[in-house]
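Working notes for the structure below.
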Amino acid sequence: MSSKRLETVKLTANFKLDKHIPLPFELYRGIINGLLEYAHSRGITSFKGLKSEKYHELRARYPKLPSHYIYTACLMACSIYKSFRKLKRRGRVKKDKPAFRKDVIMLDDHLFSIDLENWRVSIATPSGRVEVGLLHGTYHEKFREMRVGQAWIVKDGKDLYLESSIL
């Protein structure tokens, strides 16, 4: 009996945003670094454990920040901390604790929606949802019929990019 294995192919599409929007990069980086510090001091590698211990405190501290920014920060902090511990055990990291320095915000399906038909994206910000256009080239046409997964907003100098995994 032969068994067929189905695989999901993920592609990453990068779209430059047509204008700069106010996103809390420094605040998000600070939240992740605070979560990393907490996880490191207590040896927490579980997303569920970190979220259950810190989510309500962070929601109270940042009431205007959409809640899923905290949720995705917990996801990123757990991922970074697990990777750090693995590399530390293998002797590939010399630092004592992990740190996050990038201008990147992880977005889940509650924080953004994308309309590839009209090349627009809507992103939740602390001051409300903002809709912006996506700059695209001919190679982006192949993504029109695909389903969008997670996304990241990446700040590169003065430009903002939406990097999205497409299924």
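The values are calculated or read from the model by the stated rules, or taken from the named source; none is laboratory data. All of these numbers come straight from a predicted model, not from anything done at the bench. In this analysis, Cβ positions are derived from the backbone assuming ideal geometry, glycine residues included, and neighbour counts consider all displayed protein chains.
Checking each residue in region 61-108 for being charged (D, E, K, R) and either part of a helix (DSSP H, G or I) or touching a residue at least 24 places away in the same chain (Cβ under 8 Å) (or both) picks out Arg61, Lys64, Lys82, Arg85, Lys86, Lys88, Arg89, Lys97, Arg101, Lys102, Asp103, Asp108.
Restricting attention to region 47-58, which residues are in contact with a helix residue (DSSP H, G or I) (Cβ under 8 Å, 6 or more places away or on another chain) and either under 22 Å from Arg101 (Cβ atoms) or loosely packed, with under 15 Cβ neighbours inside 10 Å (or both)? Explain how you work it out, then say what you get.
Residues of region 47-58 that are in contact with a helix residue (DSSP H, G or I) (Cβ under 8 Å, 6 or more places away or on another chain), as a first pass: 47, 50-51, 53-55, 58.
If the condition is that a residue be in contact with a helix residue (DSSP H, G or I) (Cβ under 8 Å, 6 or more places away or on another chain) and either under 22 Å from Arg101 (Cβ atoms) or loosely packed, with under 15 Cβ neighbours inside 10 Å (or both), then Phe47, Leu50, Lys54, Leu58 are the ones that fit.
Note on region 64-97: among residues that are of a type in the set (Ser, Thr, Tyr) and under 22 Å from Lys155 (Cα atoms), the one that is surrounded by the most Cβ atoms within 10 Å (Cβ to Cβ) is Tyr69. Residue under question is Ala13, and the condition is that it be of a type in the set (Gly, Ala, Ser) and either assigned to a helix (DSSP H, G or I) or without any contact (Cβ under 8 Å) to a residue 12 or more places away in the chain (or both); does it hold? So Ala13 fails the test. Whether any residue in region 128-142 is of a type in the set (S, T, N, Q), at pLDDT below 95 and touching a Lys or Arg at 6+ places or on another chain (Cβ under 7 Å) is what I want to check. Checked region 128-142: no residue is of a type in the set (S, T, N, Q), at pLDDT below 95 and touching a Lys or Arg at 6+ places or on another chain (Cβ under 7 Å). From the list Ser122, Ser113, the one residue that fits, being among the hydroxyl-bearing types (Ser, Thr, Tyr) and in contact with a Phe, Trp or Tyr (Cβ under 7 Å, 6 or more places away or on another chain), is Ser122.
Being under 21 Å from Gln150 (Cα atoms) and surrounded by fewer than 17 Cβ atoms within 10 Å (Cβ to Cβ) is true for just one of Phe100, Phe25, Phe15. Which residue is that? Lay out the reasoning, then the answer.
Working: Phe100 fails: surrounded by fewer than 17 Cβ atoms within 10 Å (Cβ to Cβ); Phe15 fails: surrounded by fewer than 17 Cβ atoms within 10 Å (Cβ to Cβ).
Result: Phe25 is the single residue among Phe100, Phe25, Phe15 that is under 21 Å from Gln150 (Cα atoms) and surrounded by fewer than 17 Cβ atoms within 10 Å (Cβ to Cβ).
For region 41-60, name all the residues that are touching a residue at least 12 places away in the same chain (Cβ under 8 Å) and assigned to a helix (DSSP H, G or I). Correct list: Phe47, Leu50, Lys51, Glu53, Lys54, Tyr55, Leu58.
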